[in-house]
Amino acid sequence: MTGYELSQSGVLEAEAVHVFREVAATFERPVLLFSGGKDSVVMLHVAVRAFWPAPLPFPVLHVDTGHNFDEVLEFRDRAVRELGVRLLVGRVQDDLDAGRVVEERGRGASRNRLQTVTLLRMIREHSFDAVFGGARRDEEKARAKERVFSSRDEFGQWDPRRQRPELWNLYNGRHRKGEHIRVFPLSNWTELDVWSYIAVERIALPSLYFAHRRRVFQRDGMLLACSRHLAPEAGEEPYEAVVRFRTVGDATCTGCVESPAATPEEVVAEVAASRVTERGATRADDRISEAGMEDRKKEGYF
């Protein structure tokens, strides 16, 4: 008999499939956060595989800041249509109009932090008790503190001291009424793992993730894209460059990198040589303070 071995991608996929099935068997109203970014695309791909040939037993939710890249929204709508999954959209603009949040003004203003209120509102309105997120432990220091099952209190807040041990892949989904669990099936994946999986599975992504020519400008050591949501200020001279995005978020705070990588395989080679995390290199909203992400997570952020 020959031995049976899984590749690294196969092991990670099997672990994520187990998490999806565990949640489906344990919780009543799960939902999957889907932004159209690479991590959520991979997460949705694995979720569909976990329940195939049955349809996905939960909807997907996009928290829309209103400042998205057009390419990402087009991809989001096409992906859910092709897969036949139910899409819910929570709009930050609705919370602005209702006075639940206030628009930030001035240099560096972004709606990224305002997403928390919209996310918690959608969880409350739909009574979701488990929320799948695409966060990975290699992204940022605060996310390295997470469990796969991350308990949140009745206000959606995260307390690292209240997280449960997870021995031998045993997960504790118990929660009181009004509380919920954030679930991270890609916790043990790295950026390189995600791209390797995309290359092997031939997963489609928004075109932003691959090399293209775009007008950009420098701000605070980051390369930001000119768009209707973000324009250079005095002294910030725009120019054209061949770039790609390592992560996709709100267009007002998501930077890009100069890169010729036009295929998943070329991106894999580039990421393997990188020594800066994608969020550290291209997300201005993570630079607000040393504990910026942790503070937002305690408020209920992704």
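What number results when the radius of gyration of region 154-212, computed over Cα atoms, is divided by 2.2 N^0.38 Å?
So region 154-212 has a normalised radius of gyration of 1.65.
Can you list the HN-Hα couplings for region 169-179, worked out from phi with the Karplus curve (6.51, -1.76, 1.60; θ = phi - 60°), rounded to whole Hz and with x for Gly and Pro?
Listing the rounded values in order: 6, 9, 10, 9, x, 5, 7, 7, 4, x, 8 Hz.
Taking the Cα centre of region 166-238 as the origin, how large is its charge dipole in debye, to the nearest 20, when only Lys and Arg (+1) and Asp and Glu (-1) carry charge on their Cβ atoms?
With Lys and Arg at +1 and Asp and Glu at -1, about 380 debye.
What residue among Gly66, Gly99, Gly156 has the largest mean-square fluctuation in a Gaussian network model of the chain, using Cα springs under 10 Å?
Gly99
5 Å is the cut-off here: which amide hydrogens, built 1.01 Å from N in the peptide plane, fall below it relative to Ser110, excluding neighbours closer than 5 in sequence?
Glu104
Towards the positive end of the charge dipole of region 77-186, with charges on Cβ (+1 Lys, Arg; -1 Asp, Glu), say which of Val148, Ile123, Val85 has the farthest Cα.
Positive-end residue among those listed: Val148.
In a Gaussian network model over the chain where Cα atoms closer than 10 Å are linked, find which of Arg29, Arg214, Arg81 has the largest mean-square fluctuation.
The residue with the greatest mean-square fluctuation here is Arg81.
Rounded, prolate or oblate, given the Cα gyration tensor of the chain, with a/c below 1.5 counting as rounded?
Taking the square roots of the gyration eigenvalues as a ≥ b ≥ c, the chain is oblate.
In what order, largest first, do Trp158, Trp168 sit by accessible area if the probe radius is 1.4 Å?
Accessible-area ranking of Trp158, Trp168, largest first: Trp168, Trp158.
Based on a Kirkwood Rh over C-alpha pairs, give the Stokes-Einstein translational diffusion coefficient of region 35-148 at 20 °C and viscosity 1.002 mPa s in µm²/s.
So the translational diffusion coefficient is about 136 µm²/s.
Hey, can you grab everything whose amide H is under 5 Å from the amide H of Trp158? Only 5+ residues off in sequence or another chain; H modelled, so Pro and N-termini drop out.
Lys298, Glu299, Gly300
Which one, Arg161, Arg111, Arg147, has the greatest fluctuation when you compute a Gaussian network model over the chain with C-alpha springs under 10 angstrom?
In the Gaussian network model the winner is Arg161.
Let me know the charge dipole size of the chain about its Cα centre in debye, to the nearest 20, where only the beta-carbon of Lys, Arg (+1) and Asp, Glu (-1) is charged.
Charge dipole of the chain: 700 debye, to the nearest 20.
Could you give me the radius of gyration and the Dmax of region 36-81, taking only the C-alpha atoms into account and expressing both in angstrom?
Cα radius of gyration and Dmax of region 36-81 are 11.6, 36 Å respectively.
Quick one: grab the alpha carbon gyration tensor of region 152-286, order the square roots of its eigenvalues as a ≥ b ≥ c, and give me rounded if a/c is under 1.5, else prolate or oblate depending on whether a/b is larger than b/c.
oblate
Please compute P(r) over all alpha-carbon pairs of region 202-273, binned at 5 Å starting from zero, and give each bin as a whole-number percent.
3, 16, 27, 24, 15, 9, 4, 1, 0
Taking H placed 1.01 Å from N in the peptide plane, check which residues at least 5 places from Asp64 or on another chain put their amide H under 5 Å from its amide H.
Here Gly90, Arg91, Val92 satisfy the definition.
For region 114-169, which semi-axes, largest first and in whole Å, follow from the square roots of 5 times the eigenvalues of its Cα gyration tensor?
With the √(5λ) rule applied to region 114-169, the semi-axes are 21, 14, 11 Å.
To the nearest 20 debye, what is the magnitude of the charge dipole of region 113-249 about its Cα centre, counting +1 on the Cβ of each Lys and Arg and -1 on the Cβ of each Asp and Glu?
Dipole of region 113-249, to the nearest 20 debye: 340 debye.
The values are calculated or read from the model by the stated rules, or taken from the named source; none is laboratory data. Source: prediction; values computed, not measured. A quick note on method: Cβ atoms are made from the backbone with ideal geometry, for glycine too, and the neighbour counts reach across all protein chains shown. Areas reflect the complete protein model, heavy atoms only, side chains present, ligands, DNA and RNA absent. Shrake-Rupley method; radii C 1.70, N 1.55, O 1.52, S 1.80 Å.
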